[in-house]
Amino acid sequence: GGFGDLSGFYKMLADGCGLSFQLDYFKGLTGDIPVHPDRHLVADVSYLDLKTEWDRLMATDPAFAKEARAATGGRAGGGDDSATIRRLLGIWTAATPDQKRMMGFACRGFFSWSFSQPPEHGWKDKLILDYRNKRLVERIVQEPARKIWVTYGAHHLTGVIADLQAVDPAWKLVSVKWTPAISNPQERKGRLD
């Protein structure tokens, strides 16, 4: 926590890594937001929502609580990762242009490597994937419009489709188009795991 909303955190992280922020791709839509505010909503959860769900899981899910305590050293909410990230972003802000370029290479390399790793469904995914999927599905199901556009990470897709089908078996995946997160290879491939 401590960064406001999740988009604010992602924006800071993208800037620190020398990347384009994911929502910057949709700047063409931002002019429509003040004109038609009823057509646009943030479907993701807030930090407070995540903290509330963390507390619920810690109190009601013994397996989650055990793994979370082991992974975080018993610190509530996973420790102070925001302070570490703030320190790293502070170093980046004070760096020279050449240092920023080198740090950006390292950061993008780390993200490229981590995105290429096969996903493992671990204890954190109960919060980061499953909970957010459930909340997104609630918003989709409540939406009265017949056509909607949802922008979300690829690791959420399989769970969101399964959760939608649990509500209504008529939901189906018609097509998937991949946009690379970091690099822009000649051929884009993705997996639905």
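The values are calculated or read from the model by the stated rules, or taken from the named source; none is laboratory data. As the structure is a computational prediction, the values presented were derived from the model and not from experiment. Calculation scope for accessible area: heavy atoms of the full protein, side chains included, ligands and nucleic acids excluded. Shrake-Rupley method; radii C 1.70, N 1.55, O 1.52, S 1.80 Å.
The table below lists the values:
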| quantity | calculated |
| --- | --- |
| Residue that is farthest from L48 (Cα to Cα), among those in segment 92-147 that are open to solvent by less than 90 Å² (accessible area, probe 1.4 Å) and among the aromatic types (F, W, Y) | W92 |
| Complete set of residues in segment 101-141 that are of a type in the set (D, E, K, R) and not in a loop (DSSP other than H, G, I, E, B) | R101, R108, D125, K126, D130, R132, K134, R135, E138, R139 |
